Every structure is written in C-alpha cells, then in structure tokens.
Amino acid sequence: MTGTHRQVDGVSLKRIDTHRWWRDAVIYQVYVRSFLDSTGDGIGDLAGVRAGLPYLKKLGVDGIWLSPFYPSPQHDHGYDVADYCGVDPVFGDLDEFDRLMATARRLGIRVLLDIVPNHCSSEHPWFREALASPPGSPARARFHFADGRGPDGSEPPNNWHAMFGGPAWSRVTEADGRPGQWYLHMFTPEQPDWSWRNPEIPAEFERILRFWLDRGVDGFRIDVAAGLYKHPELPDSDDPEADARTRDSVNPLAWNQPEVHDVWRHWRAICEEYTARDGHDRLLVGEVSVPSAREHAKYVRPDELHQAFFFDLLSAPWEADAFRKVISEAMEDIAGTGSTVTWVLNNHDQVRTVTRYGEPTPQGSGLGAARARAAALLMLALPGAAYIYQGEELGLPEVVDLPDDVLTDPIFRRTGSRARIRDGCRVPLPWSGQASPFGFTSGAESAKPWLPQPEYFAMYTTDRALDDTRSFWHLYRDGLQLRSALPQLGEGTLHWLESEPGVLAFDRGDGLVCAVNFTTADIPAPVPGAPLLASGPCPAGVLPGSTAAWWLTDH
C-alpha cells in the first residue's frame, strides 16, 4: 500500500506500508465448552482444544479465539469472571494452557483470548469485598453502587434495563441486615459492572493483559468493547422501553461513552510495547456494537483497536442491495481509517447461518444451506479479516427444539422467553459416529454432553464432512487455501461490477471476480468459463440461484 495520508475525525492517518498478519487473517472462534471434551465430564476443555488443533490446521485458519476459560461460577458460561489470571478446573489448568500454546506455536496457529473488562463475577474477590464494606468505601468505588430512589430507597437509582432482561440494578443487604444500596449490572445480577472511572480498574486490567502477553498469547478479543464507561451522573434513559427490547447496546448513557477510547489507546500502547521487543504484532479486536459504520470506525483509528467486528454483514437480510450497502459503508468508513474490516457471519450469540437464511426447521433447510455456503464464499472474498464460528464449517443448523429443562442461557432465566436465547448455537460439536455424543466426549464413564445433541447431528460430523468433497468443510478449506495462495484476496480493495438485479459482483484486482446470486433463479454468469471455486454446482456460463462463485480471468 502507498504512504498517502488522509484525515479522519481530525486524526492524520498513514496507510500501512507493510503487511501485518492480522490485516487479512482468518480466525476460528472456539467455544471451549462445546468444542471437544478430553475428560469425559461432558464439557469441552483446553486439552480438547489442543487435540483439535490439527483439524483446524488442516482447515487452514490462521488463528483461534478462545471463549473465556477463567475461574467462574458459569452463570453466563464464563463471561462472569471470578479470576482473570487463572483457568477454571472444568477446563484444565495453567499448565494445560501452556501445552495448548506450545502446540499452537508448533502448528503456526495464533491464539487470541477473550477478555471481559466491562463486568466481572459476583464471586470476584473485589465484589465480595464490596458487599462486606459500607456505602462510600473504597471497595464499593470499584463498582457502581448508588442509593435507591424514593423515601426508603426501594426504587432503583435509574430506569436502565439489563441486556438480558429485567432492571439493570440489584439491591444489596447491608451488614446490619437492612436493605441497602443498589449496584449496576448491565447483563445479569451475577455480573456487576466495573467502574472504569476508578483508577484501580485500568491498572488491574493492565496487570491482567501483561500476565497473558507474558505467557505468549497473540492478542485479545474484547467483550463489550463499547461499554466500560457509563455517564458519570447515571441519569434516566429517555427511552427505557427501547433499551429493554434488544440485547444490542442501544442505551447511549451506558455505551459508547467518549472516555472508552482512552482505554483502547492505552491497551494499544501496551501491545506496541511487546511488538517492539520482538517484531511480532499483538492483536486487539473489539466487540463493538454502535449505531453506524462511522461510529465503528472511531474504534479502529491507528492508535486504538487494531480491528472491531463488523456485525452489519451478519444482521443484513438476504438481499443483494442490503449486502452491497453494508459492504460499501464498511469499506468507506472502516477501511478508510487504515485498519481492515473484520467480517463475521456468526458467533456464539447468534442463530446459526444455515437456519438464519432458511426456514426454521429442526434440521435446517436446503435453501438456508445454499445461502450459507454462498455467504461464506462471499465473506472470504471480501477485503480484510474474517472470523468463523465453530461448526459453521460443518454447516450445522441451529438446534431450535431444545426442551426448556436443559436451557442454560441466562436470557431464558431472566425473561422466561425463548425468543433470544443462545443455547441453540452452542450445542457441542459432532465429531464422529452415528449417535450422541458423536465423539465429543468419550470413555466408559463419560457424562452426556452439557447440551443434548440431536440425532440428525450424525449428518454433520467432522469425519463425514472430511470424506465428502461436496461438504461445507471442503468449501471452507478450498476457499481458505485459495485466499492464502492468491494475492488478490485478503486485504486490499474491491470494485463493484455491473450486474443483474439480485446479483452482487465485484473485482478484487488482477482478474479475480466474485459474484453472488441472491435470487433463486439461474442467471448468465458475469464471467465466461468455469469458475475457480463455487458454493454449489456452477456450470460454465451460468450462476445458479443462491450461489456464489470466484473466477480468475485473463483481465
């Protein structure tokens, strides 16, 4: 890339002159408890991740992002952290983590950890200390404690709603047994929010970052990266009902406060310090839920996060115009900062792609599968980085018929509704065999998987996928191999091409063309000849409905 400059929000930006590994990396999200169980207790663990690394190497990803494995009471499956510098015994120990890192290094797979700086567990030692301390104490100043409203303080300090249902405040019982102050939790009562205006909190998280960086990790996925700071006066929300209708970050008083950018500048400086020692980039990628691509771009300015997940592609309806709009906005606003767009189609909080794009049947629909395959090929052709959620490479559908008595998502517990629960995308992976546990856990005394696997998972095992050259797995593997081999793919630019209604087509340079048919009807292919790779059967001269294809032309 050239050394030209431009201004974004008053900051002078210089184009990156050298390739950095994260700019076009493909990272595989490992939801540890559902990946592979090595101990027979029905819960995936770090040793299981280590055993699965050769599988991921064969798939062709550049790195992995591990969901939280820290000590935790697991009220939100690890996103309620009781100790940020340890390993929960259910997942292993620090020695096992070191073995995982050594294996990943040998295989050339980078490792990102999930860090949760917005909130901790109600069992964190500092929160326990706060509960045992009086109002106004330094221990309570680490969190958001406040007196209630009303003559007896029985009403919450403000009208904010929690993301997972109910009010964002819980009242404590003081040491003398009387009802006392309230504390803020933007997710569940078991996840009290840190007060980042207290200097102890940024200092503690610097210690945590350095602990894991010294242990060799390649970077961090940052949970709730637009959170952390709340409006200092904690005023009422103007639209609390809107806040209650979604788990997205819509309350501007609790999210996207300007001070949060100072945190990312400091964390970036820490990463640059480690990079200066050995020349190896450490990556910060944020979970950023903000109203627009322009707001998103502020988080990836040159001195802040390296990247932030661009969720608009994930949430776009299956329409060519919708996809073109969000891709264009990302390329203009985010790539314009000098970063690269970080594309995602799924994660551990979302309905699986096959189900989202098709009919909500237990086993997924053929149309949903075709669209998911096409979307995968589209994502891998876009400039920038991409993240793949585990099981997407198998074409797994959402498990939509889990009985109420096995559901573990705190959203269900807090709301009593199945409308937004996330258990269905977290069912343990099927590896082999014809019946549960499908190789996920083994041993004569092994427990059942922590969430039940449906019988039809026999159609989606990794063994079966590797043997079938028409499978999702081979589509992902072939796409990743070409992405690695062809300089046109990865970071760079794209140019939209003229196309028929319902079709997206773009040129990645040097004759590499990608086209996606969002309709169900066959159309003439935009490029003559057989494609280099297609998401489904694609004869020369034709682009079938719900299909994506790549061509390498002679210009």
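Enumerate the pairs (first residue in the range 296-308 and free of Cβ contacts under 8 Å to residues at least 40 places away in the same chain; second residue anywhere and among the charged types (D, E, K, R) and assigned to a loop (DSSP other than H, G, I, E, B)) with beta-carbon separation below 8 Å, excluding pairs fewer than 6 apart on the same chain, so at least 6 apart or on different chains.
Filtered contacts from the range 296-308: no entries.
Are there strands (runs of 3 or more DSSP E) fully within the range 9-128 with at least 1 residues that are surrounded by fewer than 24 Cβ atoms within 10 Å (Cβ to Cβ) and of a type in the set (Lys, Arg)? List them.
On the way: elements: 11-14, 26-30, 63-66, 110-115.
The strands (runs of 3 or more DSSP E) meeting that bar are 11-14, 110-115.
Quick one: which residue in Leu532, Leu489 is in contact (Cβ under 8 Å) with a residue 60 or more places away in the chain, hydrophobic (A, V, I, L, M, F, W, C) and closer than 21 Å to Val26 by Cβ?
Values: Leu532 fails: in contact (Cβ under 8 Å) with a residue 60 or more places away in the chain.
Matching residue, one of Leu532, Leu489: Leu489.
Regarding Thr553, is this residue in contact with a strand residue (DSSP E or B) (Cβ under 9 Å, 6 or more places away or on another chain), among the hydroxyl-bearing types (Ser, Thr, Tyr) and surrounded by 15 or more Cβ atoms within 10 Å (Cβ to Cβ)?
Here the answer is no, as Thr553 does not meet what is asked.
Out of Arg418, Arg414, I need the residue that is over 23 Å from Ala381 (Cα atoms), modelled with pLDDT under 95 and touching a Gly at 6+ places or on another chain (Cβ under 6 Å). Which one? Spell out the reasoning first.
On the way: Arg418 fails: touching a Gly at 6+ places or on another chain (Cβ under 6 Å).
On inspection, the qualifying residue turns out to be Arg414.
Could you check Phe457 against (1) over 30 Å from Gln434 (Cβ atoms); (2) aromatic (Phe, Trp, Tyr); (3) surrounded by 17 or more Cβ atoms within 10 Å (Cβ to Cβ) and say which number it fails?
(1)
For the structure I just gave you, tell me whether Val81 is in contact (Cβ under 8 Å) with a residue 24 or more places away in the chain and within 27 Å of Pro410 (Cβ to Cβ).
Details: in contact (Cβ under 8 Å) with a residue 24 or more places away in the chain: yes; within 27 Å of Pro410 (Cβ to Cβ): yes.
It is true that Val81 is in contact (Cβ under 8 Å) with a residue 24 or more places away in the chain and within 27 Å of Pro410 (Cβ to Cβ).
I'm checking my understanding of the structure. Among residues of the range 380-434 that are within 30 Å of Thr493 (Cα to Cα) and of a type in the set (A, V, I, L, M), which one is surrounded by the fewest Cβ atoms within 10 Å (Cβ to Cβ)?
We begin by selecting, within the range 380-434, every residue within 30 Å of Thr493 (Cα to Cα); these are 380-395.
Restricting the remaining residues to those that are of a type in the set (A, V, I, L, M) gives 380-382, 385-386, 388, 394.
Values: Leu380: 24, Ala381: 28, Leu382: 25, Ala385: 28, Ala386: 26, Ile388: 25, Leu394: 22.
Residue satisfying both the conditions and the ranking: Leu394.
Identify the single condition in (1) in contact with a Leu (Cβ under 8 Å, 6 or more places away or on another chain); (2) under 30 Å from Gly216 (Cα atoms) that Val116 does not satisfy, given that it satisfies every other one.
Tallying (1) in contact with a Leu (Cβ under 8 Å, 6 or more places away or on another chain); (2) under 30 Å from Gly216 (Cα atoms), Val116 fails exactly one: (1).
Which numbered condition in (1) surrounded by 20 or more Cβ atoms within 10 Å (Cβ to Cβ); (2) of a type in the set (A, V, I, L, M, F, W, C); (3) under 21 Å from the mean Cα position of the chain (by Cα) is the only one that Leu184 fails?
(3)
Please tell me if Gly511 is surrounded by fewer than 22 Cβ atoms within 10 Å (Cβ to Cβ) and small (Gly, Ala, Ser). Step through it out loud before you land on a result.
Working: surrounded by fewer than 22 Cβ atoms within 10 Å (Cβ to Cβ): yes; small (Gly, Ala, Ser): yes.
The answer is yes for Gly511.
Take Tyr387 and decide whether it is assigned to a helix (DSSP H, G or I) and within 30 Å of Leu543 (Cα to Cα). First the steps, then the outcome.
On the way: assigned to a helix (DSSP H, G or I): no; within 30 Å of Leu543 (Cα to Cα): yes.
Against the criterion (assigned to a helix (DSSP H, G or I) and within 30 Å of Leu543 (Cα to Cα)), Tyr387 does not qualify.
Just checking, which of Asp193, Asp214 is of a type outside the set (A, V, I, L, M) and surrounded by fewer than 21 Cβ atoms within 10 Å (Cβ to Cβ)?
Details: Asp193 fails: surrounded by fewer than 21 Cβ atoms within 10 Å (Cβ to Cβ).
Within the list Asp193, Asp214, the selection yields Asp214.
Can you go through Val427, Val400 and tell me which one is β-branched (Val, Ile, Thr), at pLDDT below 95 and either part of a helix (DSSP H, G or I) or touching a helix residue (DSSP H, G or I) at 6+ places or on another chain (Cβ under 8 Å) (or both)? Let's see the steps before the verdict.
Details: Val427 fails: at pLDDT below 95.
Matching residue, one of Val427, Val400: Val400.
Going by the structure shown, is Phe438 of a type in the set (A, V, I, L, M, F, W, C), at positive phi and surrounded by 15 or more Cβ atoms within 10 Å (Cβ to Cβ)?
Working: of a type in the set (A, V, I, L, M, F, W, C): yes; at positive phi: yes; surrounded by 15 or more Cβ atoms within 10 Å (Cβ to Cβ): yes.
The answer is yes for Phe438.
Check Val81 against each of (1) of a type in the set (A, V, I, L, M); (2) more than 16 Å from Leu66 (Cα to Cα); (3) in contact with a Cys (Cβ under 9 Å, 6 or more places away or on another chain) and name the one condition it does not meet.
(2)
I need the strands (runs of 3 or more DSSP E) fully contained in the range 466-555, keeping only those with at least 2 residues that are aromatic (Phe, Trp, Tyr) and more than 25 Å from the chain's Cα centre (by Cα). Walk me through it before giving the result.
Details: elements: 503-509, 512-517, 547-552.
Of the strands (runs of 3 or more DSSP E) lying wholly inside the range 466-555, those with at least 2 residues that are aromatic (Phe, Trp, Tyr) and more than 25 Å from the chain's Cα centre (by Cα) span 547-552.
The values are calculated or read from the model by the stated rules, or taken from the named source; none is laboratory data. Being a predicted model, the structure only gives us computed values, none of them experimental. Positions of Cβ are generated from backbone atoms using ideal geometry, with glycine treated the same way; all protein chains shown enter the neighbour counts.
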